[in-house]
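For reference, the structure is listed below as structure tokens.
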Amino acid sequence: MDTQTAWVWLAKASYFLAAVMFILGIKRMSSPVTARKGIVQAGIGMVIATLATFAITGGHNLWLIVGGILVGVVPTWLWGRRVAMTDMPQMVALFNGMGGGSAAAIGAGELLKYAQPGAPVLPAATLALAVLGALIGSVSMTGSIIAWAKLDGRMDKRFTFSGQQFVNFAVLAAAALAGLALVLWRLDSSLVVVFFVLALAFGVLMTLPIGGADMPVVISLYNALTGLAVAFEGYVMQNEALIIAGTVVGAAGTFLTQLMAKAMNRPLSNVLFSNFGGGGAGAGEIAGSQKPIEASDAASLLYMAEKVIIVPGYGMAVAQAQHKIWELSQLLIKSGKDVKFAIHPVAGRMPGHMNVLLAEAGVPYDLIADMDDINPEFKTCDVAIVIGANDVVNPAAKTDKSSPIFGMPILDVVDARQVIIIKRGKGTGFAGIENALFYADNARLLYADGKEAANRLIGELKAIEGGGHG
Amino acid sequence: MIDGFLALYIFMLAAFTGKEIISRVPVILHTPLMSGSNFVHGIVLVGAMIALAHADTPLAKFIGFLGVALGAGNAAGGYVVTERMLEMFKSSKDKHD
């Protein structure tokens, strides 16, 4: 075995090791106890695979490669370290877009290389995978960038015009035709350029009309697509690490996207091809009135309660109230009350996002319950506190067929004896729909900023407890 | 060269593996998991490195460089945010240690 062959063998062995570590790492991320070890393990796999790759590049363009890695790693590492937990979804979108872009770049490089006059002819299957990977990667890149801009508040929530569906379809069809022509007709560099412009444009056009409420599903979908694009380019490059890791992520991501779409009761086709999350149309007027409550009265209710369920939503995180809410909960737990947190699958901006925000505030994960586990408990609960959540507690999802959220599973907060809703004003939720819960007989609204409300409740509760014992 | 049908088998098995390992994940870990799987497809960096190593024209070098930088950003950023999120998950039992 000569030296070059030995290096290639070493690299292939390292890829095998990395693939095993990725799969075990993702598996370990499936339990809170081992999750941290899981990501570290996957990280070590990545370092091994990257180092091994230097062995087979034979030192060609070495400094360009090292420079490219530094240009990619340094800013994202620094940015990732200091980004706020509330901004995680858009960061995931952005990093995912980079991966899609990288896969598209590999595709572009390969297609242009074989488009040169005198270049060897690629088998049609390989060419087709290069084109498909490039198409998916490009869409994932520009789509993720739009998703990032929307979630980061850099772009209006939605952008629609008449005939949009038709234009989107036409652009996708044109991109597919260009790709098909590259595979079956002629591999031509100017056609490659046209193909990429169309693919990149389609990613933008496809994401523009999608509303903020649906964005988690879309980010998850793009994550799966990037995985697929990486796998396809892996076949082109004959690289096992890309094939395995890309396919695993593509499948896992697709499954996760389905879970999310199901939790929101939004078939994926609706998310992608209909407009939602902007208009408040559909829901009728609700009878009754919103009944306000003062912090002192709310504190008395809590003081007398035995069982309290807290339902946090994204509004709580925006108000940075999670630390104060946990302080309030600790106070309640100390006086012997049963306190739990109820999380809707899509609370926050992504499934599980709310858990991350609560964990950041120090809430132990065993106090946090999923929707299916907690829903029967609302009947025996004395006080439910809703803070910053809206659509996920709206009973209209069960009763009002004309409501855009009809059919979405909700937290049955309305079953609790008393419901205290902490809310800044009388506005509607993210989806722009009136909430029947706010008008229910057992519901009281505490109008205040989340953090401010929690602070006042803590103060009042301490005063009551002090008076009671003294 | 990976033979056509072998490639198809690898694809199928890896896809089932991906679905299986994620199906046992509790909802509380969905966001870190999405972020973690986002990190894993940062392996695209390896492919981009090989592509750049084979690049000879200025245009190919430019595209290759872009691929390496974007792939490295995906991997590094994905790792950092996932690790930060998972670091925070603690059980109430941990507190009494």
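Miscellaneous remarks
- Per residue, the protein assembly as shown reaches -21000 deg cm²/dmol at 222 nm when only DSSP H runs of four or more residues are counted, each adding -39500 (n - 2.57).
- For region A:285-346, the fraction of alpha-carbon pairs in successive 5 Å shells from zero, as %: 4, 14, 20, 22, 21, 13, 5, 2, 0
- Across peptide A:357-366, the mean count of Cβ atoms from other chains lying within 10 Å of each residue's own Cβ comes to 5.
- Estimated translational D of the protein assembly as shown in µm²/s (Stokes, Kirkwood radius over Cα pairs; 25 °C; 0.890 mPa s): 99 µm²/s
- Scanning chain B for long hydrophobic helices, with DSSP H runs required to stretch 24 angstrom or more by C-alpha along their axis and to average at least -0.5 on the Kyte-Doolittle scale, returns B:4-23, B:58-87.
- Start at zero, step by 5 Å, and the Cα-Cα distances of chain B spread as 2, 11, 13, 14, 16, 16, 12, 7, 4, 2, 2, 1, 0 percent across the bins.
- With the convex hull constructed from alpha-carbon coordinates only, region A:1-98 shows a mean projected area of 7.7 nm² over all directions.
- Average other protein chain Cβ within 10 Å of Cβ, residues B:56-65: 5
- Scanning chain A for long hydrophobic helices, with DSSP H runs required to stretch 15 angstrom or more by C-alpha along their axis and to average at least -1.0 on the Kyte-Doolittle scale, returns A:3-28, A:35-57, A:62-82, A:88-115, A:124-151, A:164-184, A:189-207, A:215-237, A:240-263, A:322-334, A:450-469.
- Label-to-label distance, nm, for residues given as A:LEU17 and A:LEU78 (7 Å Cα→Cβ offset): 3.2 nm
- Cα-based shape type of region A:132-270, given that a ≥ b ≥ c are square roots of the gyration tensor eigenvalues and the cut on a/c is 1.5: oblate
- Near A:GLY211, the amide H atoms lying under 5 Å from its own belong to A:PHE276; only residues 5 or more places off or on other chains count, and H is placed 1.01 Å from N.
- Only lysines eight or more places from A:LYS113 in sequence, or on another chain, were considered; those with a Cα closer than 25 Å are A:LYS12, B:LYS61.
- Spatial separation of Cα centroids for region B:32-78 and region A:354-410, in angstrom: 40 Å
- Distance violations [Cα-Cα > 22 Å] among A:LYS340/A:LYS379; A:LYS379/A:LYS462; A:LYS262/B:LYS90; A:LYS262/A:LYS398; A:LYS262/A:LYS423; A:LYS27/A:LYS340: A:LYS379/A:LYS462; A:LYS262/B:LYS90; A:LYS262/A:LYS423; A:LYS27/A:LYS340
- Nonlocal amide H pairs with A:LEU446, under 5 Å, H built at 1.01 Å: A:ILE293, A:ILE421, A:ILE422, A:LYS423
- Accessible surface comparison of A:ASP415, A:ASP2, probe 1.4 Å, protein chains only, largest first: the order is A:ASP2, A:ASP415.
- Per residue of peptide A:335-348, the mean number of Cβ atoms on other chains within 10 Å of the residue Cβ is 1.
- Interchain or long-range residues, amide H under 5 Å from A:VAL311's placed H: A:ALA342, A:ILE385, A:VAL386, A:ILE387
The values are calculated or read from the model by the stated rules, or taken from the named source; none is laboratory data. Since the model is a prediction, treat every value here as computed from it, not as a measurement. Glycine gets a Cβ as well: all are built from the backbone with ideal geometry, and neighbour counts include every protein chain shown. Side chains are part of the model used for accessible areas, which takes the heavy atoms of the whole protein and leaves out ligands, DNA and RNA. Shrake-Rupley method; radii C 1.70, N 1.55, O 1.52, S 1.80 Å.
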